[in-house]
Amino acid sequence: MVFYKNTSSIRSSLGPRSNPREECSVTFFNSLMAMLPSLPSSLLPRKAQEEEEEEEEEEEEDQTPRPPQDCSDFISTLPKGGWGPIRTRKYQGFWVPEIFLPSVMAIQKNFKARPDDLFVVSYPKSGTTWLKALTFATMTRTQYPLAHHPLLSFNPHDCVLYVEQYFHEGLISKMEALPSPRILAIHMPYSLLPDSMTSSSCRFVYICRDPKDTLVSMWHFREKSRPKTVEPTPFAEAFEAFCEGTSPVGPMWDHALEYWRASLRSPERVLFLKYEEMMDEPVGNARRLAEFLSCPFTEEEEKGGVVEDIVELCSFEKLKSLEANKMGTQGGPGFVVTNDSFFRKGGGGDWKNHMSPEMARRLDAITQHKLFESGLTLESVGVEAASGDDASAHGQ
């Protein structure tokens, strides 16, 4: 593990702030520096990493590979899909957001995984933010006291960035400079990953969710992040695109099945989690996650309530209440979302407020057909309401 030798340079790199979120971050770093002799650079949240390295990068031109700029002609030939302003293209069997497709292609060609890399993986809006927080808090619990943890001052997406994001935003050199083991995230389907990831000893933690709740969460997320100049997308349109599999990195069922089968082939490398099971037993699944990460909770930690403390720190209610998640943004060129967009309701069963019984039955039938004889089931929360006469039938 690499440590910063001059912690004062980190404080000075933060500089004066006018943004309340950034002022909170300075307070956090000052208090953390007083308690810790040094700070692991691999765990330093994104903004501090960027600012600390900014001066050095101005002097040294970044020679790392960039997403290909000459692939637009090829991309224009691919089938179109998606809904509203979210345009997807069918690439190697999956519908990839057009804006990120150059980065996906660059990752396939240039990304070099390390043997001890850990990837947090999901289909979008399946519990990614929660899993990022749990994974980061579990792996860094010996570096950061929970009472002063970075998650109290930074959005989980600032602490664990997507590989696609590193490539899309031109931050590849920062990703490559991270000391091992790296905690990275990715939305790419398993079959689209480069050989350096699938043929090495790096590990994956995958989370999936009831498709109905996934769709509703994705629709709300996209609508909240929609530019005001763009017309709203009716829920019915999003529903059709989801059923057809043309939503971002869809079909969702194929995405989940690829990682499910990988977990059956290599359970030591791929941990497959379900959102609903984690909701039902958060402490038990936190222990399971720690075991997979090769950092199981000690007897002393169990007695001291560390597992429960981490679960509480990463809970929806706690994260949503933090100032860091009420302000600020995520994303890069062409795609920016506010941090509060990641914390709408939590839990499951909200699909009942958006789908008619017929819509729910149709989506469940697709799920059953897609997963037939795979051994994978995707729990449906509140399924009894979908078949009842009093089910909500307004498709927004």
Exercise for the section: Could you please let me know if Phe292 is within 21 Å of the chain's Cα centre (by Cα), crowded, with 18+ Cβ neighbours inside 10 Å and either over 26 Å from Phe204 (Cα atoms) or modelled with pLDDT under 75 (or both)? Expected result: no
Problem - Residue that is nearest to Met175 (Cα to Cα), among those in the stretch 78-97 that are assigned to a loop (DSSP other than H, G, I, E, B) and modelled with pLDDT of 95 or more - result: Gln92
Exercise for the section: Output the residues belonging to the stretch 129-166 that are among the hydroxyl-bearing types (Ser, Thr, Tyr) and closer than 18 Å to Pro181 by Cβ. Expected result: Thr135, Thr138, Thr140, Thr142, Tyr144, Tyr162, Tyr166
Practice task
Report the residue count in the stretch 289-322 for those that are closer than 23 Å to Phe119 by Cβ and among the hydroxyl-bearing types (Ser, Thr, Tyr).
Solution key: 1
Problem - Filter result (in contact with a Pro (Cβ under 8 Å, 6 or more places away or on another chain) and either among the basic types (Lys, Arg) or within 12 Å of Leu319 (Cα to Cα) (or both)) within the stretch 137-152 - result: Pro150
Practice task
Could you tell me whether the stretch 111-121 includes any residue that is surrounded by fewer than 23 Cβ atoms within 10 Å (Cβ to Cβ) and among the small types (Gly, Ala, Ser)?
Solution key: yes
Exercise for the section: Working only within the stretch 230-253, note down all residues that are more than 18 Å from the chain's Cα centre (by Cα) and either farther than 15 Å from Lys125 by Cβ or polar (S, T, N, Q) (or both). Expected result: Val230, Glu231, Pro232, Thr233, Pro234, Ala236, Glu237, Glu240, Cys243, Glu244, Gly245, Thr246
Practice task
Give the residue, chosen from Glu268, Glu237, Glu308, Glu317, that is in contact with a strand residue (DSSP E or B) (Cβ under 9 Å, 6 or more places away or on another chain), part of a helix (DSSP H, G or I), surrounded by fewer than 16 Cβ atoms within 10 Å (Cβ to Cβ) and charged (D, E, K, R).
Solution key: Glu237
Practice task
Considering each residue of the stretch 130-166, count those that are under 20 Å from Trp260 (Cα atoms) and of a type in the set (Val, Ile, Thr), and give that number.
Solution key: 1
Exercise for the section: Find the residue count for the stretch 98-110, including only residues that are touching a residue at least 60 places away in the same chain (Cβ under 8 Å) and either part of a loop (DSSP other than H, G, I, E, B) or buried (at least 24 other Cβ atoms within 10 Å of the Cβ) (or both). Expected result: 5
Handout entry: Residue, farthest from Met355 (Cα to Cα), within the stretch 240-265, restricted to residues that are of a type in the set (Ser, Thr, Tyr) and in a helix (DSSP H, G or I)
Key = Ser263
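The values are calculated or read from the model by the stated rules, or taken from the named source; none is laboratory data. In this text, all values refer to a predicted model and were calculated from it rather than measured experimentally. Cβ sites come from the backbone with ideal geometry, for glycine too, and all protein chains shown count toward neighbours.
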